[in-house]
Each structure stands twice: as structure tokens, then as C-alpha cells.
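Before we start, here is the structure in question, set down as C-alpha cells.
The values are calculated or read from the model by the stated rules, or taken from the named source; none is laboratory data. Source: prediction; values computed, not measured. Note: ideal-geometry Cβ built from the backbone for every residue, glycine included; neighbour counts use all protein chains shown. Just so you know, the surface numbers come from the protein's heavy atoms only, side chains and all, with ligands and any DNA or RNA stripped out. Shrake-Rupley method; radii C 1.70, N 1.55, O 1.52, S 1.80 Å.
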Amino acid sequence: QVQLVESGGGLVQPGGSLRLSCAASGSIFDMPVMAWYRQAPGKQRELVASITSLGSTTYADFVKGRFTISRDNARNTMYLQMNNLKPEDTAVYSCRGGTAYNFWGQGTQVTVSS
């Protein structure tokens, strides 16, 4: 059983930046894919970005050029660098991983507001 714990969320003004972390209780080396999802109030959960064990990344169109996903296998941690944040980025951000891609973190709240 792997536990994933997100951190780094908070309140930020439009145009600001945050870096989210997803720390795993075990090794992420064998996790073929890890990803960040988000869910805004009243909306369905959506994929934000994903990264493979080889470092290949994909991004949702609404974050391309603003967000960067990365992973540090030595630290068993995945990151999401979020720049130029917009109010519509407000959501609970959750990470997903595991060797069978079947574990989720509890989520961290990101609020973008002036």
C-alpha cells in the first residue's frame, strides 16, 4: 500500500505561483505514470498533467506554458510548478500514482483570488 501526500497549496493572487509536492511513502521508481488532477467546486475532476518514469510529460491545454510537472525518484516526490495562476485554476489538486496507477492522495486546496 502506497500513501501519497500532497502539500504546497494555499491562497495566491492572480499571476502568482505555487509549487505543489506529492510525496510517496515508498519508492516511485517503479511507478510508470504519475499525474496531477484537479477538481473545482461543482465540476468533474480533470487531468492537469502527467509524467512517465522516463520523464515524458503531457499537459492539459488549459495549463500549457504555465505549469510544469516533474518527479524526483531519489526523493520519491512528484512536483507541479504552477506559474501565472488564474482564478479559474482554483480547485483541489490531487496526485495519482502507484505501480498500477491506483493510488490517490487526499488533495491540497489551491485558491487564486485577489
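From the phi angles alone, apply the Karplus equation (6.51, -1.76, 1.60; θ = phi - 60°) to region 63-75 and give each ³J(HN,Hα) in whole Hz, x where the residue is Gly or Pro.
10, 4, x, 10, 10, 9, 9, 8, 9, 10, 4, 5, 9
With θ taken as phi - 60° and the coefficients 6.51, -1.76 and 1.60, list the Karplus ³J(HN,Hα) couplings across region 19-36 in order, rounded to whole Hz; mark glycine and proline as x.
10, 8, 10, 10, 9, 9, 6, x, 5, 9, 4, 8, 7, x, 9, 10, 8, 10
Solvent-accessible area per residue for region 1-50 at a 1.4 Å probe radius, Å²?
56 Å²
I've got another one for you. Given a 1.4 Å probe and every protein chain left where it sits, what share in percent of the accessible area of the chain is carbon and sulfur?
47 percent
At a threshold of 8 angstrom on Cα-Cα distance, excluding pairs fewer than six apart, so keeping six or more, what relative contact order does the chain reach in percent?
38 percent
Along region 109-114, what does the Karplus equation 6.51 cos²θ - 1.76 cosθ + 1.60 (θ = phi - 60°) give for ³J(HN,Hα), rounded to whole Hz, x for Gly and Pro?
7, 10, 10, 10, 7, 8
Right, here's the next one. Report the local net charge at Met31: Lys and Arg +1, Asp and Glu -1, summed over other residues whose C-beta lies under 14 Å from its C-beta.
+1
Just to make sure I understand: if all protein chains stay in place, what is the order of Ser114, Ser70, Ser56, Ser21 by accessible area at 1.4 Å, largest first?
Per-residue accessible area, sorted high to low, gives Ser114, Ser56, Ser70, Ser21.
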